[in-house]
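Working notes for the structure below.
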Amino acid sequence: MPISALVTDAGAANANAYVSRSVADQYHLDHPQFGTTAATGLWSAATADQKDAAILWATKLLDRLFVWKGSVVTETQKLLWPRSGLVDVNGWNVLSLTAIPEQIQWATAEFARQLLVSDRLADSDIETQKIKSLSAGSVSLTFGDGVTAKQVPDAVVELIPGEWGYLRGTKMRKLERA
């Protein structure tokens, strides 16, 4: 069975991606470390099908792993963007109800590239390899090589304005004096 075709029509009942391959390609061309390097696993070395699959998976994960503020625009839209009740990164203009913001497109492209490099949702090495050593004197803790615990890379999270949403389980609350 072939990879699903990307449908990036904002708010569509059959939409399945937040970024087109061409926009993701440009995002990576504009990224000095990843745009033109043909190293294994990087965006420029991936096939069209690999890129599309990564974009589809990144979109699904963003919708599943983030709690988005605001509301979906229509009850029939398949994805959680576009959203109403939000303003742009400058805080001045209401976000378009008919388009996916650039920041969400960039985050999707970045996440897609990182998904090509590694399976970020695989069981955590910390859980599967256990702690290799722990010392009490001069406190020391050792995990196995290549331990990756974050499902969503910091680079992806940082591209999304905090006013638009947050990772599940990471919501910070403001401490106020009574």
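Scanning the range 42-51 for residues that are under 18 Å from P161 (Cβ atoms), aromatic (F, W, Y), touching a residue at least 60 places away in the same chain (Cβ under 8 Å) and buried (at least 17 other Cβ atoms within 10 Å of the Cβ) turns up nothing. Within the option set L86, L62, L56, being within 23 Å of D154 (Cβ to Cβ) and either out of contact with any helix residue (DSSP H, G or I) (no Cβ under 9 Å at 6 or more places or on another chain) or modelled with pLDDT under 95 (or both) holds for one residue only, L86. In the range 26-49, of all residues being part of a helix (DSSP H, G or I), more than 16 Å from the chain's Cα centre (by Cα) and modelled with pLDDT under 95, the one that is farthest from I104 (Cα to Cα) corresponds to A45.
Of the residues screened, A112 is not one that is aliphatic (A, V, I, L, M), within 20 Å of A5 (Cβ to Cβ) and surrounded by fewer than 14 Cβ atoms within 10 Å (Cβ to Cβ). Each residue in the range 65-77 was checked for being surrounded by 14 or more Cβ atoms within 10 Å (Cβ to Cβ) and within 19 Å of the chain's Cα centre (by Cα), and 6 pass. Close Cβ contacts (under 9 Å, 6 or more residues apart or on different chains) running from residues in the range 68-86 that are assigned to a strand (DSSP E or B) to residues that are aromatic (F, W, Y) and surrounded by 12 or more Cβ atoms within 10 Å (Cβ to Cβ) comprise W68/W81; W68/W164; W68/Y166; V72/W81; R83/W68; R83/W164.
The values are calculated or read from the model by the stated rules, or taken from the named source; none is laboratory data. Computed from a predicted structure; not experimentally measured. Because the Cβ atoms are built from the backbone with ideal geometry, glycine has one as well, and the counts that use them run over all protein chains shown.
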